[in-house]
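The values are calculated or read from the model by the stated rules, or taken from the named source; none is laboratory data. For clarity, every value in this text was computed on a predicted model and none was experimentally measured. Here the Cβ positions follow ideal geometry from the backbone for every residue, glycine too, while neighbour counts run over all protein chains shown.
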Amino acid sequence: MKGMYWRPRRVSRTAILLIALWSLCGYLLVERFQKEVRQPHFAEKLEAARIAEQAFRTIREERLRLRIPIDPETDPLQTGLIGTLMSPVTTNPGTLSSKQSSLNPNFAAVIVHYLMKAGVQPGDTIAVGCSGSFPGLNIAVLAAAEALRLRAIIISSASSSQWGANEPALLWLDMEKVLLDRKVISRGSVAASLGGIEDRGLGMSQRGVRILRETIERHGLPLIDPPTFQDSIRDRMRIYREESGGEPFKIYINVGGGTISVGRRFGKKLFKPGLNKSAPAGVEIESVMSQFLEEGVPVIHLIQVGDLASRFGLETQPKVVPSPGQGKIFVQPEYNRWLALGILISILGSLYLFVRSDLGFRMTRGGGGKRGEKGHPEPMV
């Protein structure tokens, strides 16, 4: 036997309006009452950011002790990690906005994020290529390694692009030594190169090259100074392997756009910022990064600082030093699923009540509308 139900001749305009208003209110409620959810590895990220913050303070104190002026125009945070436009040890042009954006201790949390995403575990051995051009990012990497208890094998370039660690009395290797002496970090560089063109300081003045060589020698580091580009890559890979003592590398972290690490023209364009698990297809690139990728070692490429900051909710060109724990890398808003489900069910229930049910018609039949809307429901089979 067929069933019978009642349906109004037309749906009440009042009902349609009420459902629409409730749907809009429901949308606003879901948007308004989002939850702040801690992201994975929150504790490790926060520890790394706090170590980076301490390192920033330490470098500022050292720069003031050396009486190297801090320009409030170029370094509004007064970190002492912004250099000058030109100096004898300056290699290439640099972007001041990128250098300013990198001075955020919460970048250390971004490094932790990428390391954990790559499956790195406490005690693992990692390779690091530091650049004098981005001392703030160097600090972020070393802080992340400290927080995760990693064994970092570090090779640094002593020179810097504009606005980086290019004060002759306070190069990156000097900063690193201060952090080691103050026990902010536990591991420093095992070797260093002059940096710049071909990783050999080509085009720099004799005075600049002399300052770089003296700095590397003063810190007791082996100088990577091979005759060719390819030899420089081989020397770096050899040093990494020797210093690792046979332990496999779990990841390679590159800071900046150094030619030896990234490659010449194609490498600089094709490697993406962040985590790279494979080399760009179809192009052979000579670089330390491509060597590691060919061996199955993923790479974290720290470049395009503004884009990385925006990706993780970090402030670009901050006016005050951000506090550890700020940014979407730590906490992200998420919708309350139970609230959204409840509102959805109520909307569907309202649709059924007013469209399919006689009860909805009886509730709104006195609410106005066209004359035909006031007729009784029709029986439907």
Considering only residues of the stretch 158-194 that are out of contact with any strand residue (DSSP E or B) (no Cβ under 8 Å at 6 or more places or on another chain) and of a type in the set (K, R), which is surrounded by the fewest Cβ atoms within 10 Å (Cβ to Cβ)? K183
Given the conditions (1) surrounded by fewer than 23 Cβ atoms within 10 Å (Cβ to Cβ); (2) not in a strand (DSSP E or B), and given that K250 satisfies all but one, which numbered condition is not satisfied? (2)
Would it be correct to say that E217 is farther than 26 Å from S290 by Cβ and assigned by TED's automatic domain parsing to the domain that holds E47? yes
From G296, G257, G313, grab the single residue that is in contact with a helix residue (DSSP H, G or I) (Cβ under 8 Å, 6 or more places away or on another chain) and part of a loop (DSSP other than H, G, I, E, B). G257
Which of the residues belonging to the stretch 53-68 are surrounded by fewer than 18 Cβ atoms within 10 Å (Cβ to Cβ), more than 23 Å from the chain's Cα centre (by Cα) and free of Cβ contacts under 8 Å to residues at least 24 places away in the same chain? E61, L64, R65, R67
Would you say R32 is on the phi < 0 side of the Ramachandran plot and surrounded by fewer than 16 Cβ atoms within 10 Å (Cβ to Cβ)? yes
Hey, among the residues in the stretch 195-230 that are assigned to a loop (DSSP other than H, G, I, E, B) and modelled with pLDDT of 95 or more, which one's surrounded by the fewest Cβ atoms within 10 Å (Cβ to Cβ)? G220
Flag if T316 is farther than 21 Å from V141 by Cα and of a type in the set (S, T, Y): no
M116 being surrounded by fewer than 16 Cβ atoms within 10 Å (Cβ to Cβ), of a type in the set (A, V, I, L, M) and in the same structural domain as L171 (by TED's automatic domain parsing): no
Kindly indicate whether any position in the stretch 185-194 is of a type in the set (V, I, T), outside any loop (DSSP other than H, G, I, E, B) and closer than 28 Å to R234 by Cβ. yes
Residue that is surrounded by the most Cβ atoms within 10 Å (Cβ to Cβ) [pool: residues in the stretch 297-335 that are in contact with a Lys or Arg (Cβ under 9 Å, 6 or more places away or on another chain) and within 30 Å of E247 (Cα to Cα)]: V299
Can you tell me which residue within the stretch 225-260, out of those that are more than 19 Å from the chain's Cα centre (by Cα) and among the polar types (S, T, N, Q), is nearest to I154 (Cα to Cα)? S244
Of the residues in the stretch 190-207, how many are touching a Pro at 6+ places or on another chain (Cβ under 7 Å) and either closer than 30 Å to G245 by Cα or among the aliphatic types (A, V, I, L, M) (or both)? 1
When you scan the stretch 72-153 for helices (runs of 4 or more DSSP H) that lie fully inside it, which ones turn up with 3 or more residues that are closer than 27 Å to F292 by Cα? 107-117, 135-147
Could you grab the pairs with beta carbons closer than 7 Å, sequence gap of 6+ or different chains, first residue in the stretch 273-285 and modelled with pLDDT under 90, second one assigned to a loop (DSSP other than H, G, I, E, B) and not small (G, A, S)? A279/I285; P280/F271
Looking only at the stretch 28-62, and only at residues there that are in contact with a strand residue (DSSP E or B) (Cβ under 6 Å, 6 or more places away or on another chain) and either among the acidic types (D, E) or not in a loop (DSSP other than H, G, I, E, B) (or both), the one that is nearest to M175 (Cα to Cα): R38
